[in-house]
1. Hey, can you rank 110-116, 141-147, 274-280, 500-506 by average C-beta count inside 10 Å, highest first?
2. How do the peptides 224-231, 488-495 rank, highest first, by the average count of neighbouring beta carbon atoms within 10 Å per residue?
3. Could you calculate the contour length gain from PHE334 to ASP104, that is, 0.36 nm times the residue separation minus the distance between their Cα atoms, to one decimal place in nm?
4. Among HIS532, HIS101, HIS74, which comes first, then next, by fewest other beta-carbon atoms within 10 Å?
5. Let's see if you can work this out: charge +1 on each Lys and Arg Cβ, -1 on each Asp and Glu Cβ, no other charges. What is the dipole magnitude of the range 295-513 about its Cα centre, in debye to the nearest 20?
6. Arrange LYS536, LYS208 by Cβ neighbour counts within 10 Å, fewest through most, would you?
7. Taking square-rooted eigenvalues a ≥ b ≥ c of the alpha carbon gyration tensor, is the range 270-348 rounded, prolate or oblate, where a/c under 1.5 means rounded and, failing that, a/b exceeding b/c means prolate?
8. Of LYS330/LYS456; LYS113/LYS293; LYS289/LYS536; LYS408/LYS495; LYS370/LYS414, which ones are farther than 27 Å apart at the Cα?
Amino acid sequence: MKQLFYLFFSVIVLLFCSCGFDDNETAELTVFRYNEASNITSLDPIYARNQANIWAVSQLYNSLVELDDELNVHPCIAKSWNISDDGLTYSFVLRNDIYFHDNDCFNNSIGRKVIASDFVYSFSRLVNPRLSSPGAWVMNYVERLNDDKLNIVAPNDSVLVIKLSDKFPPMLGLLSMQYCAVVPFEAVEKYGQDFRRNPVGSGPFYFKYWKEGVKLVFRKNENYFQFENENRLPYIDAVSITFIIDRQSAFLEFIKGNLEFLSGLDASYKDELLTPEGKLQEKYTNKLKMISKPFLNTEYLGFLMSVEDTTVLRNKLVRQAINYGFDRQKMIAFLRNNIGTPANAGFVPVGMPGFSENAGGYNYNPEKAKRLLADAGFPYGEGLPVITLNTNAAYQDIAQFLQHELSKIGIKLKIEVLPPATLREMMANGKASFFRGSWIADYPDAENYLALFYSKNKAPVGPNYTRFENTEYDNLFESARTITCDSLRYLLYRKMDSIIIEEAPVVFLFYDQSARFVQSYVKNISNNPLNHLDLKRVYIEKEE
């Protein structure tokens, strides 16, 4: 009965999705269809904070530079650049053949050329306090002038110069983020607050239609500037996004062939789709393809380390015992069908430049965990109070696994399931002594992960939710930010990670792995460790 309900619900949703948009218009077109269970809140790049927004926005806009599947920086709107010897001045030379999408905001509704001053405008808009962009921090490394404006200038239409206040080697990677996409002032002035649903960019697709919570459609930009083997990109004619909230319903639509793409695993269908070893079930091997790659996301549990917190978790030996007290590989096998990698090597994840397998992290060693508890004054857990773990419903299964495993060494865990917003607020305000967290990379540099333990980044002003503070760590962190030589910087990163392992302000759970599923006729879909969705090179090859 439950499956019949889901099927009925899906049919109703899909029928509703067609309302207001003529599906006959796309009948002869190649359309890439995917479902977004999370709501897209804005198509304005300065609000591209979560994956749902980022995936949609990345089809519409371009930045100065872009990343390939190995996280190498490549030219995009900027055809070349130069970084001064002191690492403080970035000079970009822009292409002169890139145009904004045709739109009523322009004269004669024809998109104009993208010029350097458009980036000055876009970056200034990113830090405008009235707009409250969650990406304003990206410009923290840019020098401010006396009027607090960014020291970014356009000497002419083809040259952009960015001055930094201090050296910051990951800056190029930051500029690839969707927060840094270029927008035309004409569109922002015409649509005002409604620019969020009237986007105008220069990307491979342009905005066509959006019925919020129902359907979103992009169409091919026939004048896109990038080519592949003398063929103009993109290859597909349209992108269609639906918003079926129930993940099992979306999975059924994918299996029926009504979607080209499915991302991630959900408990409702993971065993139907994958074997316990993490391979496609045999019945789907001729119909579907699985694409999996390390995803720069570290899943962890955090301990509150501030001196005001007086719980037993202030004892390092207890924190270390918890880290030794459960089998990460078993957890991944049982709960994630072997999608993921045990976090046995510190906080910096697999796939990130600077990751080291020899970091000396935690493995499963229950006997050592028991010895640590005894050394902490709690032999066999005697006298150890019950520890409360704050989590959300999506990670309740992991919390229950830990509860069961840690009980074997004498640690009693109480699980408190909270709404995600409540949990985030408690973490930010230092109200959670033990909490579930995760960190997805914003840019391809380990600094992004290690910043979580820099004392000046203590929440609520920064991402240091554990409120960890260590003078040696801070000194290493500040030194690494000024070193442009990658190998030397990675050496300092590994030293910082070793401090985190020793002090154990977190329980290291696993390094994530993206799992994408596409119909067999979908070709050339890419993936990178940031789990970006780049559709400009995708093509569809159905048998007649």
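1. 500-506, 110-116, 274-280, 141-147
2. 488-495, 224-231
3. 77.4 nm
4. HIS74, HIS532, HIS101
5. Its charge dipole is roughly 440 debye.
6. Fewest-to-most ranking of LYS536, LYS208: LYS208, LYS536.
7. Judged from the Cα gyration tensor, the range 270-348 comes out prolate (a/c at least 1.5, a/b above b/c).
8. The answer is LYS330/LYS456; LYS113/LYS293; LYS408/LYS495.
Quick note: the coordinates plus some simple rules give every number you see, no bench work behind them. Given the structure is predicted, the values throughout are model-derived calculations rather than measurements. Note: ideal-geometry Cβ built from the backbone for every residue, glycine included; neighbour counts use all protein chains shown.
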